[in-house]
Amino acid sequence: MNVLYYIPIIENNNLDKVLKYASQERKQIIQGYKSEIDKKIYIYTGIFVKMMAAKILNLPYSKIEIGKMEYGKPYIKNNPSFHYNCSHTKNAFCIVFSNEPVGIDIEKIERKSYKNFYNVAKRFFSENEFLYFFSNGNEDIECFFEIWTKKEAYLKLKGTGLNTPLSSFCVFDEKISNKFKSLKKDNNYISLC
């Protein structure tokens, strides 16, 4: 079972209306956020995860407790066979629920995300990934985001995050390439692993 939710963020939503459903920890954390959209994404994601976990697990919302693994990957306490992962970008977030470990990443496809795609790819991509990204002699931004989201989704699946160097594996490797599902939505690239 993999259930994917994609939620666009509407800028004029009032954050105050949903804060009562957020945990104290999340309310404290957003105090350090400068961007209103970042605050919304963080709060909405936390509420949505708990609401959907409660529904799927048939538990009261108040009984859903989120913990963190060694490298920070979130999980639902006391439910070892229930897995989820979430990711966000500037205008949306996505969450996947599963009965097995899962990772997801979303990135807005835009040139200004990185000043120099070539240098980022050279530093973090394997040789095969770099060749794919630069296959027609020019930077292919969609290829860049395909590779980038797959790399992040894979690391999130493993639960290690950036503690595993991005350049230490190739998303086209036979051992992992069949684990990915990718899609584009509203100029966002989403990869699930």
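Some points to look at:
- Restricting segment 28-105 to GluC sites (Glu not before Pro) in coil, as DSSP defines it, with at most 10 other Cβ within 10 Å: Glu70
- FRET efficiency, 1/(1 + (r/R0)^6) with R0 22 Å, evaluated for Lys90 and Ser168 via beta carbons: 0.20
- When you count the other C-beta atoms within 10 angstrom of each residue and take the mean per peptide, 171-183, 123-135 line up highest first as 123-135, 171-183.
- Cross-link check: pairs Lys55/Lys175; Lys27/Lys175; Lys122/Lys179 evaluated at a Cα-Cα cut-off of 30 Å; pairs beyond the cut-off: Lys55/Lys175; Lys27/Lys175.
- Put a plus charge on the Cβ of each Lys and Arg, a minus charge on the Cβ of each Asp and Glu, and nothing anywhere else: the dipole of the chain about its Cα centre is then about 680 debye.
- Note that segment 39-193 shows a convex hull volume over its alpha carbon atoms of 121 Å³ per residue.
- The mean sequence distance of close C-alpha pairs (under 8 Å, at least 6 residues apart), as a share of the length of segment 47-158, puts its relative contact order at 19 percent.
- Here the spin labels are modelled as points 7 Å beyond Cα on the Cα-Cβ line, and at Gln24 and Ile56 they lie 2.8 nm apart.
- Relative contact order %, the chain, counting alpha carbon pairs below 8 Å whose residues are six or more apart: 20
- Virtual spin-label span in nm between Leu4 and Thr160, 7 Å along Cα→Cβ: 2.4
- In this structure, the residue pairs whose Cα-Cα separation is over 18 Å, taken from Lys39/Lys150; Lys73/Lys158; Lys17/Lys73; Lys17/Lys40, are Lys39/Lys150; Lys17/Lys73.
- In plain terms, the chain from Lys68 to Ser135 could stretch by 20.2 nm, reckoned as 0.36 nm per residue minus the Cα-Cα distance.
None of the figures in this text is laboratory data; all of them are computed from the coordinates on show. These numbers come from a predicted model, not from an experiment. All Cβ positions, even for glycine, are placed from backbone atoms using ideal geometry, and neighbour counts span all protein chains on display.
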